[in-house]
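The values are calculated or read from the model by the stated rules, or taken from the named source; none is laboratory data. No experiment lies behind these values; they were computed from the predicted model shown. Please note: Cβ atoms are built from the backbone with ideal geometry, for glycine as well, and neighbour counts cover all protein chains shown.
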């Protein structure tokens, strides 16, 4: 369980730190343990709130919004919160049904079975506020929710943190700012 | 249900509240061998279990959005799920009211350590002139003490809790006993260059974070998460740095979940006991005392005095001046941020550092003429902060779209923003105060506070000055500020938002206009003292916690000496 692992980590920090500045390898250990404890439990996820069809549709949508989103558990995140909150659930069941209806209207099939180019055609409308009309407003609003939450899920996951290059949340012995980073910024600033 | 245990102990001092003031008094008195009881309205604290230090968002199923995604609906925990506080802007069953036409937000944290578990750790001394504002500009009132009175206690406070900083010789930001501040981050280097150009001092920050082992506490490990609470106590919280160590003396009886209701007085008008509600059983209890130290926070201490009514003190205890609840102020607040193109594409690196900025800007126009009284200091933000819920909401809104282009926009945006926040001095005014609302009680039957709050031109002009300054700083760094045409009334923080409320039981030389004397002792009831921010006479442009600690230390020393002499 993450908590037990975290305790161990904290024990490492506390004992190492009490002796003085943290040893670099202890700090590294902390980092690795924290990362390990976060690895998903594995197995097939069973949706808690959405139907199988809704969940599969959401998963596909999340992956289109951010390639790699499934690695970040975006659909699972949304399903879990929806299972705890009827207001959230209504946004997603309503939004997914809207997508299906819109797709059926144009291409006689639901979103999940639609051809990739037909999905793109629809999402290219929904992804921008400027396309808001009486026909699209509900879909645009839903897409905004799905985008925000997919982005949140992905960048709060281990995969997303790594991709964006966040390398903190760990104990370090001494705080330093790399000179190359300072030089880089100054060179591009009005202070060059 | 009313319980008084016969033969119950009489404590030398009952301290109400375990935050910065209560924690300090507890430690100082316990070290002198004085028997104290410490009442805390919240539960106990187990840092290892309760603090979320080094937890990743993905270790929590909701990632920090809260149960049911509360934060998406504006209902998440204040300062985010991982923050160490145990409270918020509203506490269930413990309301406060706001008078018509006023706006005020009151942050309370019910837990051992109070708000010090999560606060920003900014530790700034008041300047000599801050304590004599009336003498300087004819507005407000002077403190009954001078910088020389409090300076030795700043020394003690800084040495004991540990504060970073550097000797600068700037009058508005007196030097103290400092530990080394870590070097600036890249965006801070740029900010310093901009401020140098504009003639604004930008100096190593003064944070209650230790960068060398201090009193058995290990040095900071630079994870940047002070707000989550620090398990090895490398920053200051009264719980870990004062209350827990003080308990080892055997002189401290800590009573948690104890919500003080009323101070009980005898025929001579002295306080003999504190009546409190045991929240777990909702029963009323009394604890006997020789003296009482109010440290429940500025407004809670005020509420307690006003609710302690009796023969001869129908308007509340210690309130013969009628000024308890008056002179309430918060600091002004205004923030502005922008993207800085020079930071785009910079080689990624870990810049967590201390849980706060490594530089700050003290007020620099204290000897110049401005169109508003007093001043403000500037806090700065930016860097590669750990992504969390909502971190990229701004990019999503601006970029829209999806797929690889959205990913790239987010990647390019990460770590390129800087922000400035001003914290300035508000002048006490007659329209800003708190009082008991006769119509409302909390779930324990305790009458609640009603707030009246009004900013004046003095504060509005100050905030306009902040906006101009921050715009200049951003533009000097090559950023672009989005013009904001809203009126200044919308730009200034709401009263209480900055969580620097002070002044409602002020100290002074004249008992007719001040409830407390210059030792924070009640003029009316000699065995009542106040050790939070309520005694403050003004609210300078410096975060109040360090001064709470220093003043509480001074008050505790005075009380111990008075007890030794048999005066209380």
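Couple of notes before you dig in:
- Region A:157-192, residues that are touching a strand residue (DSSP E or B) at 6+ places or on another chain (Cβ under 6 Å) and within 20 Å of residue A:71 (Cα to Cα): none
- A single member of B:246, B:233, B:260 is on the phi > 0 side of the Ramachandran plot and touching a strand residue (DSSP E or B) at 6+ places or on another chain (Cβ under 6 Å), and it is B:233.
- Of the set (1) surrounded by fewer than 24 Cβ atoms within 10 Å (Cβ to Cβ); (2) in contact with a helix residue (DSSP H, G or I) (Cβ under 7 Å, 6 or more places away or on another chain); (3) closer than 30 Å to residue B:246 by Cβ, all apply to residue B:160 but (2).
- Among the residues of this structure, residue B:246 does not count as one that is in contact with a helix residue (DSSP H, G or I) (Cβ under 7 Å, 6 or more places away or on another chain) and within 18 Å of residue B:530 (Cα to Cα).
- Just one of the numbered conditions (1) more than 15 Å from residue B:339 (Cβ to Cβ); (2) out of contact with any strand residue (DSSP E or B) (no Cβ under 6 Å at 6 or more places or on another chain) is not true of residue B:477: (1).
- Put simply, of B:380, B:410 the only residue that is touching a strand residue (DSSP E or B) at 6+ places or on another chain (Cβ under 9 Å) and farther than 30 Å from residue B:300 by Cβ is B:380.
- Matching residues, region A:69-84, being under 8 Å from the mean Cα position of the chain (by Cα) and closer than 15 Å to residue A:56 by Cα: A:69, A:73, A:74
- Region B:325-370, subset more than 28 Å from the chain's Cα centre (by Cα) and more than 14 Å from chain A (Cβ to nearest Cβ), residue surrounded by the fewest Cβ atoms within 10 Å (Cβ to Cβ): B:369
- Test: residue in region B:59-67 that is closer than 20 Å to residue B:233 by Cα, within 14 Å of another protein chain (Cβ to nearest Cβ) and in a helix (DSSP H, G or I): no
- Of all residues in region B:183-210 being without any contact (Cβ under 8 Å) to a residue 60 or more places away in the chain and farther than 19 Å from residue B:84 by Cα, the one that is surrounded by the fewest Cβ atoms within 10 Å (Cβ to Cβ): B:196
- Residue list for region B:402-448, restricted to those being touching a helix residue (DSSP H, G or I) at 6+ places or on another chain (Cβ under 7 Å) and either closer than 30 Å to residue A:120 by Cα or without any contact (Cβ under 8 Å) to a residue 40 or more places away in the chain (or both): B:402, B:403, B:406, B:409, B:410, B:411, B:413, B:414
- Of all the residues in region B:374-427, those that are crowded, with 20+ Cβ neighbours inside 10 Å and away from chain A (no Cβ under 14 Å) number 15.
Matching residues to (1) within 22 Å of the chain's Cα centre (by Cα); (2) surrounded by fewer than 23 Cβ atoms within 10 Å (Cβ to Cβ); (3) more than 14 Å from every other protein chain (Cβ to nearest Cβ):
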site: B:213; (1), (2), (3): no, yes, no
site: B:225; (1), (2), (3): yes, no, no
site: B:229; (1), (2), (3): yes, no, no
site: B:240; (1), (2), (3): yes, no, no
site: B:260; (1), (2), (3): yes, no, yes
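- Checking each residue in region B:45-58 for being more than 10 Å from every other protein chain (Cβ to nearest Cβ), touching a residue at least 40 places away in the same chain (Cβ under 8 Å) and either within 22 Å of residue A:92 (Cα to Cα) or assigned to a loop (DSSP other than H, G, I, E, B) (or both) picks out only B:45.
- Filter result for residue B:327 (touching a strand residue (DSSP E or B) at 6+ places or on another chain (Cβ under 9 Å), in the same structural domain as residue B:113 (by TED's automatic domain parsing) and in a loop (DSSP other than H, G, I, E, B)): yes
- Residue check for residue A:67: within 9 Å of chain B (Cβ to nearest Cβ), at pLDDT 95 or above and within 17 Å of residue B:69 (Cα to Cα): no
- Of all residues in region B:109-135, those that are crowded, with 24+ Cβ neighbours inside 10 Å and outside any loop (DSSP other than H, G, I, E, B) total 5.
- Test set (1) touching a helix residue (DSSP H, G or I) at 6+ places or on another chain (Cβ under 7 Å); (2) away from chain A (no Cβ under 12 Å) - residue B:149 fails condition number: (1)
- Matching residues in region B:68-98 - criterion: being modelled with pLDDT of 95 or more, within 30 Å of residue B:245 (Cβ to Cβ) and either facing another protein chain (nearest Cβ under 7 Å) or in contact with a strand residue (DSSP E or B) (Cβ under 7 Å, 6 or more places away or on another chain) (or both): B:91
- Exclusive hit being under 27 Å from residue B:558 (Cα atoms) and buried (at least 17 other Cβ atoms within 10 Å of the Cβ), set B:106, B:143: B:143
- Only one of A:132, A:173, A:141 that is more than 11 Å from chain B (Cβ to nearest Cβ), touching a helix residue (DSSP H, G or I) at 6+ places or on another chain (Cβ under 7 Å) and more than 21 Å from residue B:416 (Cα to Cα): A:132
- Region A:144-165, residues that are more than 8 Å from chain B (Cβ to nearest Cβ) and crowded, with 20+ Cβ neighbours inside 10 Å: A:146, A:150, A:154
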